[in-house]
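Working notes, beginning with the structure itself.
The values are calculated or read from the model by the stated rules, or taken from the named source; none is laboratory data. In this text the structure is predicted, and so the values were computed from the model without any measurement. Note that each Cβ is placed from the backbone with ideal geometry, even for glycine, and that neighbours are counted across all protein chains shown.
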């Protein structure tokens with residue numbers, strides 16, 4: 001089966017800021033593929049290139065070299081509406097203020113399928129309701145988005161993305177503002193969507209434990225280059241993480257799932273006091 005997403009020798013660089021002696025950030029010779037039905041995670045420290053990767057995939061910016069393909073087709077010549085029918089993005093948070101109800105938000109996901117229409121049809125409304133039911137926000141359909149808790153708002157954003165009926169679901173730090181309960185719910189929901197609908201998922205996260213639990217493979221970025229790619233067990237290794245993140249870590253095994261658990265190896269209080 002052909003990959004759903006392919007980055008082939010992709011390079012991109014931001015221009016150097018004015019009056020700066022340092023060069024702008026760049027991605028260099030990035031090549032990888034995401035298979036259909038896979039949950040694929042992108043991890044790495046700040047300024048490693050995770051957000052730039054998403055911007056390239058969604059054509060917010062264009063590659064300087066190389067090619068990005070979706071289902072075998074180069075995305076560069078695609079119309080934005082066509083790309084939006086195939087790739088749905090769940091951002092970290094909604095802009096504020098955002099004066100819409102949950103149902104109105106979810107119906108926005110249908111826009112790429114009828115950009116010339118001013119009103120939704122029966123099919124749009126049925127698909128929106130199905131997406132809200134799948135994400136557990138159907139009972140909240142009439143509520144303003146501003147009245148929702150963080151986890152509820154995140155599920156509403158995911159419902160909008162599902163209403164697009166995309167081939168690829170992209171999530172940018174989906175648990176960054178959520179407490180532990182909502183983090184667990186989000187992880188379970190991603191697995192459910194992937195298993196029941198076969199949706200391919202690209203997850204960008206600073207949460208290494210979340211990525212380890214839900215992803216089939218991980219791409220670890222370091223300063224715009226691929227440091228390692230593979231199953232969580234082969235990527236989340238102590239020596240690799242310490243080199244990339246430049247801090248001491250400990251890697252254990254989750255006794256329930258068998259997946260890696262990563263934690264910072266904090267110095268002891270007494271040792272820190274002596275060192276001061």
Exclusive hit being at pLDDT 95 or above and over 19 Å from residue 201 (Cα atoms), set 8, 33, 18: 8
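Conditions (1) farther than 22 Å from residue 175 by Cα; (2) over 22 Å from the mean Cα position of the chain (by Cα), marked per residue:
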| site | (1), (2) |
| --- | --- |
| 111 | yes, no |
| 117 | yes, yes |
| 123 | yes, yes |
| 126 | yes, yes |
| 131 | no, no |
| 137 | no, no |
| 140 | no, yes |
| 153 | no, no |
Residue match in the stretch 171-182 (condition: closer than 25 Å to residue 45 by Cα, in a helix (DSSP H, G or I) and touching a residue at least 60 places away in the same chain (Cβ under 8 Å)): no
Near pairs, Cβ below 6 angstrom, 6+ apart or cross-chain, from the stretch 65-76 (within 13 Å of residue 12 (Cβ to Cβ)) to any residue that is loosely packed, with under 13 Cβ neighbours inside 10 Å: 66/9; 67/74
Helices (runs of 4 or more DSSP H) wholly inside the stretch 186-276 containing at least 1 residues that are touching a residue at least 24 places away in the same chain (Cβ under 8 Å), surrounded by 20 or more Cβ atoms within 10 Å (Cβ to Cβ) and touching a helix residue (DSSP H, G or I) at 6+ places or on another chain (Cβ under 6 Å): 208-214, 232-235
